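Note sheet for the following structure.
Since every read-out is calculated from the coordinates, none of them should be taken as a lab result. Bear in mind that the values here come from a model prediction, so they are computed numbers and not experimental data. When we count neighbours, we look across all protein chains shown, and the Cβ atoms used for this are built from the backbone with ideal geometry, even at glycine.
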Amino acid sequence: MKKLLSVVFCLALLSGCAGSDGSGLSLFGGSVVPGEASDFIANSQDRVFFSFNSARLDSEAVDALEEQAEWLKKYDTKNVVLEGHCDERGTREYNLALGERRANAAKQFLVSQGVESSRIKVISYGKEKPAVMGSNESAWSQNRRAVTVIK
């Protein structure tokens, strides 16, 4: 009886993983819809990272933003919010300003690639919304970021 229930459970689980169009597997029944946030995340990196106390885009950030720019030009009715974030070090005020510089650096790059400035809103969260909790370089490096959110 336990084996039969296990087989039924596995079949139910697998049937819930098929995409709505039958094109592939997707966990928990979610799917990638062209032109939507799920498509953006599936086809480009939604975040770029920065060095300590810096808003300079390195080569990895440029590569990620080039992918984002291509997607945004393809779906030219989509607007985005660029969120600037910092690690926990520094004052609240300093990190809000640094987060804004990071988000603006990403915005300026996207605009230089042909994305209309009016489609991009910038917001800084400073150190208020860490991606990773911890007081070490591993956590800090993940928190020094700009995240592109499709609206």
ask   = How long is the gain from residue 75 to residue 121 if the chain were fully straight, where each residue apart is worth 0.36 nm and the alpha carbon distance is subtracted?
value = 14.9 nm
key: Order of 109, 50 - criterion: other Cβ atoms within 10 Å of each residue's Cβ, fewest first   = 109, 50
query = Tell me, what HN-Hα J-couplings in whole Hz come from the Karplus equation 6.51 cos²θ - 1.76 cosθ + 1.60 at θ = phi - 60° for each residue of the stretch 75-91, using x for Gly and Pro?
reply = 10, 6, 9, 8, 9, 9, 10, 9, 9, x, 9, 9, 7, 6, 7, x, 6
message = Under a crude label model (7 Å from the Cα following the beta-carbon direction), how far is residue 91 from residue 129 in nanometres?
response = 2.4
query = Excluding same-chain residues fewer than 8 positions from residue 107, which aspartates and glutamates have a Cα within less than 15 Å of its Cα?
reply = 46, 58, 63, 66, 67, 70, 83, 116
query = Residue farthest toward the positive end of the dipole of the stretch 94-138, with Cβ of Lys/Arg at +1 and Asp/Glu at -1: which of 110, 135, 96?
reply = 110
ask   = What residues from the stretch 50-70 fall in the zone where the backbone N is under 14 Å from a label point 7 Å along the Cα-to-C-beta line of residue 139?
value = none
task = Based on the mean of other Cβ atoms within 10 Å per residue, sort peptides 51-58, 141-148 so the most packed one is first.
result = 141-148, 51-58
Under-5 Å amide H pairs with residue 78, H placed in peptide plane, nonlocal only = none
